[in-house]
Structures are given as C-alpha cells and as structure tokens.
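The values are calculated or read from the model by the stated rules, or taken from the named source; none is laboratory data. Just so it is clear, the structure is predicted and the values come from calculations on it, not from any experiment. All Cβ positions, even for glycine, are placed from backbone atoms using ideal geometry, and neighbour counts span all protein chains on display.
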Amino acid sequence: SAVISQKPSRDICQRGTSLTIQCQVDSQVTMMFWYRQQPGQSLTLIATANQGSEATYESGFVIDKFPISRPNLTFSTLTVSNMSPEDSSIYLCSVDSSGGLGGEQFFGPGTRLTVL
Amino acid sequence: DAKTTQPTSMDCAEGRAANLPCNHSTISGNEYVYWYRQIHSQGPQYIIHGLKNNETNEMASLIITEDRKSSTLILPHATLRDTAVYYCIASNTGNQFYFGTGTSLTVIP
C-alpha cells in the first residue's frame with residue numbers, strides 16, 4: 001500500500017486568489033490522479049499526472065484553471081486558479097499502486113477548500 | 001469505462017451481513033470491478049477488486065456474476081463503523097476511476 005499526505009488539509013480563500021495543494025507519497029509511483037468532490041457529490045476526476053509528461057485533463061477541466069506539476073515520482077501539486085465560490089470542494093489526490101496493471105488506487109485524505 | 005449503477009441507500013442491522021449490489025451491464029472483458037468506501041468525506045478507502053472470480057479479503061467478499069454484468073459486495077458482520085458511502089467502479093486499467101453516486105449504507109444498532 002501507499003501512504004499519501006496532502007497539504008493543506010483545509011483552507012479558506014478569497015475569491016480571485018489561487019491555492020496550490022501538495023500531494024506527497026511515501027513510495028515512487030508512475031501515475032497520480034487529482035479528483036474534486038463538491039459538497040454532497042461524488043468524486044470527479046480532474047486529471048492524470050504522470051512524471052515527465054504533461055497532465056491529461058478530463059472534459060470540463062482545463063490547464064489554465066487547474067495547473068498541475070509532477071516534478072518527481074513521489075510528489076505532485078494542483079493549483080486552483082482565480083478561485084470562485086463554485087470551487088469550494090474537497091480536492092483529493094490518488095496513486096495507482098500497480099502502474100496500470102489492474103491494482104488498487106490509494107487516496108489521500110483530501111484538502112477541504114472554501115472560497116468566500 | 002463502464003457505467004455502474006447502485007441503489008442510493010441501504011440499511012443493515014449491526015452484526016448482520018450487508019449485501020451491496022452493483023450493476024455494470026456494459027462492462028468489457030478487461031475491466032475490473034473495484035469497491036471503495038468513503039466515511040465522512042475522508043479519502044476513499046480501498047475494499048476489494050476482482051475481474052472474473054469471486055474474491056475475499058479481511059474486509060469483505062466480492063461476488064461477480066458469471067456474465068460479469070453485476071456484482072455484490074458482502075460485509076459479513078456489519079458494524080457501526082461500516083456506515084459509509086460505498087462506490088462500485090469498473091475500470092480497465094485500475095487508473096482513471098469514474099465514480100458513480102454510490103450507496104449510502106447505514107448500519108443500525
């Protein structure tokens with residue numbers, strides 16, 4: 001299994017500002033993922049972040065709004081840019097333990113973001 | 001990835017088996033069935049996954065029908081701590097997970 005930490009655990013931000021969320025894994029992994037969970041909703045995949053390549057974004061999510069970095073095999077960041085109250089959500093990162101071979105995914109504890 | 005459908009909510013008496021169904025009628029041959037649960041907006045917790053055969057681990061059992069169009073997660077002796085939202089996901093690589101609405105399980109004392 002993989003142990004994943006996220007920083008910050010929660011934050012309250014003003015409209016129009018940006019927040020960078022960090023995701024740290026205790027082992028090297030090829031694939032990392034970012035999800036959003038809006039209040040009372042299920043999880044929605046934002047993007048896939050592989051080390052050494054550009055992140056792949058899902059429909060409805062764009063790089064200008066959610067830039068992602070993946071500088072090495074244990075770390076990734078997600079920035080929520082020019083925030084509005086609609087961005088208030090829990091943001092979660094996850095990792096694939098098997099390198100895409102049908103293994104389980106492990107999730108971080110999430111970052112709870114409130115935008116005023 | 002295949003779309004899954006689950007009942008919105010279920011109740012189960014403490015100590016009894018909880019049987020959570022999932023329909024994935026459009027699943028393809030190389031797609032696994034994964035089960036996760038989420039307690040109080042924490043990060044989802046992995047429970048079990050399988051491809052064709054039934055699987056069992058220390059947490060639960062997964063029963064997949066022969067045609068693979070549906071599956072059932074079984075928690076053999078539900079406790080109050082099993083109260084959570086349970087998600088069934090079909091994915092062909094174990095990578096991108098597309099979550100449905102899940103089943104909110106309430107274990108009743």
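General observations
- Hey, residue A:6 under 16 Å from residue A:114 (Cβ atoms), part of a strand (DSSP E or B) and within 14 Å of another protein chain (Cβ to nearest Cβ) or not: yes
- Residue in the range B:6-29 that is touching a helix residue (DSSP H, G or I) at 6+ places or on another chain (Cβ under 7 Å), on the phi < 0 side of the Ramachandran plot and either part of a strand (DSSP E or B) or at pLDDT 95 or above (or both) present: yes
- Restricted to strands (runs of 3 or more DSSP E) entirely inside the range A:69-116, those with at least 3 residues that are over 17 Å from residue A:20 (Cβ atoms) are A:89-96, A:105-107.
- Residue in the range B:3-11 that is over 15 Å from the mean Cα position of the chain (by Cα), farther than 20 Å from residue B:77 by Cα and within 14 Å of chain A (Cβ to nearest Cβ) present: no
- Residue identified as under 24 Å from residue A:89 (Cα atoms) and more than 12 Å from chain A (Cβ to nearest Cβ) among B:105, B:80, B:75, B:20: B:105
- The set of residues in the range A:42-69 being more than 23 Å from residue A:27 (Cβ to Cβ) and more than 13 Å from the chain's Cα centre (by Cα) consists of A:42, A:54, A:59, A:60, A:62, A:64.
- Each residue in the range B:26-53 was checked for being exposed (fewer than 13 other Cβ atoms within 10 Å of the Cβ) and touching a Ser or Thr at 6+ places or on another chain (Cβ under 7 Å), and 0 of them qualify.
- Test for residue B:57: is it within 14 Å of chain A (Cβ to nearest Cβ), polar (S, T, N, Q) and more than 22 Å from residue A:2 (Cβ to Cβ): no
- The one condition from (1) more than 8 Å from chain B (Cβ to nearest Cβ); (2) in contact (Cβ under 8 Å) with a residue 24 or more places away in the chain; (3) over 17 Å from residue A:4 (Cα atoms) that residue A:24 does not meet is (3).
- Output for the range B:83-102, where each listed residue is within 11 Å of chain A (Cβ to nearest Cβ), out of contact with any Phe, Trp or Tyr (no Cβ under 8 Å at 6 or more places or on another chain) and either over 15 Å from residue A:96 (Cβ atoms) or modelled with pLDDT of 95 or more (or both): B:85, B:101
- Considering only residues in the range B:64-109 that are part of a strand (DSSP E or B) and among the polar types (S, T, N, Q), the one that is surrounded by the most Cβ atoms within 10 Å (Cβ to Cβ) turns out to be B:71.
- Only residues that are out of contact with any Gly (no Cβ under 9 Å at 6 or more places or on another chain), without any contact (Cβ under 8 Å) to a residue 40 or more places away in the chain and surrounded by fewer than 18 Cβ atoms within 10 Å (Cβ to Cβ) were counted in the range A:73-98, giving 1.
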